């Protein structure tokens, strides 16, 4: 007897526990489960035009004072190497659901000349949906800080520190079939930029 593909087998905890229903019938125990293939992140795109910088402050990295109480000019050399903790979080808004903790590689937004930019040539490993932390180190050396007789010279090195928010779109594809899906959300991170030196 040929199979009738318009009929469906059903199984349920109440009577009748096993049976056959036709395609035209509507049953409350119809249940479908979809198992998605393993997905990989192909690329991440940011809408920098909609990016925002907030909570901007000045963060002092080094503060050095040379007091010359003598009748002769004095000079001093000093340097510093300080690290600032940055954060990076990909927050989900809509589209294909990515499992929290999924690891992928991508560049992230940063500030250059007062504007949000993307470093396409540099990628790091991130975990989706969790706060990632990393450090950025600033280094400087002063070899000729001078103070005349009975003068005081004050040197301060600082960076700007703030919160960046940039909308993103993540493009994923299934490993076997290559079917592409998208996820959209907001990237949020604490960042530093623009090392500045003041000598007073």
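Please specify each residue of segment 178-200 satisfying the condition of being more than 18 Å from the chain's Cα centre (by Cα) and either buried (at least 17 other Cβ atoms within 10 Å of the Cβ) or not in a loop (DSSP other than H, G, I, E, B) (or both).
Selection gives 180, 181, 194, 195, 196, 197, 198, 199.
Conditions tested, residue by residue: (1) at pLDDT 95 or above; (2) farther than 22 Å from residue 86 by Cβ; (3) surrounded by 14 or more Cβ atoms within 10 Å (Cβ to Cβ).
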| site | (1), (2), (3) |
| --- | --- |
| 125 | no, no, no |
| 132 | yes, no, yes |
| 147 | no, yes, yes |
| 153 | no, yes, yes |
| 157 | no, no, yes |
| 163 | yes, no, yes |
| 166 | yes, no, yes |
| 172 | no, yes, yes |
| 176 | no, yes, no |
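Yes or no: residue 150 touching a residue at least 12 places away in the same chain (Cβ under 8 Å) and on the phi > 0 side of the Ramachandran plot? Write out each step before concluding.
Working: touching a residue at least 12 places away in the same chain (Cβ under 8 Å): yes; on the phi > 0 side of the Ramachandran plot: yes.
Yes.
Determine whether residue 99 is closer than 28 Å to residue 41 by Cβ, more than 12 Å from the chain's Cα centre (by Cα), surrounded by fewer than 16 Cβ atoms within 10 Å (Cβ to Cβ) and free of Cβ contacts under 8 Å to residues at least 40 places away in the same chain.
On the way: closer than 28 Å to residue 41 by Cβ: yes; more than 12 Å from the chain's Cα centre (by Cα): yes; surrounded by fewer than 16 Cβ atoms within 10 Å (Cβ to Cβ): yes; free of Cβ contacts under 8 Å to residues at least 40 places away in the same chain: yes.
Against the criterion (closer than 28 Å to residue 41 by Cβ, more than 12 Å from the chain's Cα centre (by Cα), surrounded by fewer than 16 Cβ atoms within 10 Å (Cβ to Cβ) and free of Cβ contacts under 8 Å to residues at least 40 places away in the same chain), residue 99 qualifies.
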Within segment 41-56, count every residue that is closer than 30 Å to residue 155 by Cα and surrounded by 11 or more Cβ atoms within 10 Å (Cβ to Cβ). 2
Examine segment 70-80 for a residue that is over 30 Å from residue 198 (Cα atoms), surrounded by 12 or more Cβ atoms within 10 Å (Cβ to Cβ), over 43 Å from the mean Cα position of the chain (by Cα) and at pLDDT below 85, and state whether such a residue exists. no
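The values are calculated or read from the model by the stated rules, or taken from the named source; none is laboratory data. Quantities reported herein were computed from a predicted structural model and do not represent experimental measurements. Positions of Cβ are backbone-derived with ideal geometry, glycine not excepted, and every protein chain shown enters the neighbour counts.
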